[in-house]
Amino acid sequence: MTVSVYLSPSIPEDHEPGHMCLAWQKEKEAVEFRGYVFKVLDLPAEYQSVTKWREYLFDHVVPGYVIVDEIMIEKHACGDANLIARHWPANPWHIEELAEKAKPGPRGVYSFNPDDHPGAHNCVTWVTEVVNQVLGVVLPKVRQGRIKLMTEVLKTFRQE
Amino acid sequence: MSKRIRSFKTTERAMFINLEDRDSSVCVDFAEGNILLFEGTGPDCYHGAMVSPEDFRGFALNLTERDEWEVMLRFGDITHVLGVTESVEEATRWLRKAAEIIRSKMPTAKTASEQTQEVHELATA
């Protein structure tokens, strides 16, 4: 049994901001993936348009949602070479606790600057918090949950 | 970023739109009917965002001056362009199936006749 994190790195030249998710696998079962997102319609009406939504999320929070992360499932299934993964051995209790903490549905609040809003998360900080709560502190927190900083952390792990 | 659609894809778990420069920019998952938007950093993109079935207002196809079809998602008061394609038949098939999945996950699922009407509207949009 394993607990994993998968990170799709930020690639500015490809207009890719990146994303991170949590995953786990029981013996002989499919890998479960969970991500953390927001709903556009939870933003105030004047910030819901495609040109305005980003500026709101840097300074405010909106409800967050845990999802079955089909985007990362697809990337994983397609063998996306950019994906960075880190795996830890786990026992059944870890998996049970993880499944409970990462149950799809509304969970907490979302922000692009989670450090500025106590209790808020983005995809990186949500994954970090849940993994650390279940396994002990295995991942460091990175400033504002920035993908670039977590990418460096996971690359360092890979080199060990 | 052109948002030019390279392919419409359906797997056992979900449906995807792949752009020429980005795979899986849009996803409709079969289990919940959620629409996930992971379109990147462009000014016409949402990223890390979700639209729930209850907020879904439909899909539409809009013929542009270049004889291409804009694939549009309507949710709340928003009409958002998901991409541009020349293959209206393939787009229509994908959108019909995706709308059917999403509608079936709405708190009050629409009837078959209502869905048929929406497919007709889509095809004639």
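Readers should treat all values here as calculations from the given coordinates under stated rules, not as data from a laboratory. The structure displayed is predicted, hence computed values, not measured ones. Cβ: placed from backbone, ideal geometry, glycine included. Neighbour counts: every protein chain shown.
Got a sec? Which of A:GLY79, A:GLY108 is more than 13 Å from the chain's Cα centre (by Cα), at positive phi and either surrounded by 16 or more Cβ atoms within 10 Å (Cβ to Cβ) or assigned to a helix (DSSP H, G or I) (or both)?
Values: A:GLY79 fails: either surrounded by 16 or more Cβ atoms within 10 Å (Cβ to Cβ) or assigned to a helix (DSSP H, G or I) (or both).
Sole residue among the options that is more than 13 Å from the chain's Cα centre (by Cα), at positive phi and either surrounded by 16 or more Cβ atoms within 10 Å (Cβ to Cβ) or assigned to a helix (DSSP H, G or I) (or both): A:GLY108.
With the condition kept exactly as written, say whether any residue in region B:2-17 is within 25 Å of A:VAL109 (Cα to Cα) and either more than 9 Å from chain A (Cβ to nearest Cβ) or not in a loop (DSSP other than H, G, I, E, B) (or both). Talk me through it step by step, then tell me what you get.
Pass one, region B:2-17, residues within 25 Å of A:VAL109 (Cα to Cα): none.
The answer is no; no qualifying residue exists.
Looking at B:THR64, B:THR41, B:THR79, which is the one that is without any contact (Cβ under 8 Å) to a residue 60 or more places away in the chain and either of a type in the set (A, V, I, L, M, F, W, C) or touching a helix residue (DSSP H, G or I) at 6+ places or on another chain (Cβ under 9 Å) (or both)? Spell out how you get there, then give the answer.
Details: B:THR64 fails: either of a type in the set (A, V, I, L, M, F, W, C) or touching a helix residue (DSSP H, G or I) at 6+ places or on another chain (Cβ under 9 Å) (or both); B:THR79 fails: either of a type in the set (A, V, I, L, M, F, W, C) or touching a helix residue (DSSP H, G or I) at 6+ places or on another chain (Cβ under 9 Å) (or both).
That would be B:THR41, the only listed residue that is without any contact (Cβ under 8 Å) to a residue 60 or more places away in the chain and either of a type in the set (A, V, I, L, M, F, W, C) or touching a helix residue (DSSP H, G or I) at 6+ places or on another chain (Cβ under 9 Å) (or both).
Could you check region A:1-60 and list, in sequence order, the residues that are part of a helix (DSSP H, G or I) and out of contact with any Leu (no Cβ under 9 Å at 6 or more places or on another chain)? Show your work before the answer.
To start, the set of residues in region A:1-60 that are part of a helix (DSSP H, G or I) comprises A:12-14, A:40-42, A:45-47, A:53-59.
Selection gives A:PRO12, A:GLU13, A:ASP14, A:LEU41, A:ASP42, A:ALA45, A:GLU46, A:ARG54, A:GLU55, A:PHE58, A:ASP59.
I need the full set of residues from region B:2-18 which are touching a residue at least 24 places away in the same chain (Cβ under 8 Å), touching a Leu at 6+ places or on another chain (Cβ under 9 Å) and at negative phi, in order please.
Initial filter on region B:2-18 (touching a residue at least 24 places away in the same chain (Cβ under 8 Å)): B:2-5, B:8, B:10, B:15, B:17.
Those still in the list that are touching a Leu at 6+ places or on another chain (Cβ under 9 Å) too: B:2-5, B:8, B:17.
Hits for region B:2-18 are B:SER2, B:ARG4, B:ILE5, B:PHE8, B:ILE17.
Within region A:80-98, can one find any residue that is more than 14 Å from every other protein chain (Cβ to nearest Cβ) and of a type in the set (S, T, N, Q)? Full working, then the answer.
Filtering region A:80-98 for residues more than 14 Å from every other protein chain (Cβ to nearest Cβ) gives A:84-98.
Now restrict to residues that are of a type in the set (S, T, N, Q): A:91.
Yes: one or more hits.
Quick check on region B:71-93. Is at least one of its residues under 25 Å from A:CYS78 (Cα atoms) and within 9 Å of chain A (Cβ to nearest Cβ)?
No; the residues of region B:71-93 include none that is under 25 Å from A:CYS78 (Cα atoms) and within 9 Å of chain A (Cβ to nearest Cβ).
In region B:40-60, how many residues are assigned to a strand (DSSP E or B), more than 7 Å from chain A (Cβ to nearest Cβ) and surrounded by fewer than 22 Cβ atoms within 10 Å (Cβ to Cβ)? Outline the logic, then answer.
Taking region B:40-60 and keeping what is assigned to a strand (DSSP E or B), we get B:47-51, B:56-60.
From the residues that got through so far, the ones that are more than 7 Å from chain A (Cβ to nearest Cβ) too are B:56-60.
This time we only want the ones that are surrounded by fewer than 22 Cβ atoms within 10 Å (Cβ to Cβ), so: B:57-58, B:60.
So the answer is 3.
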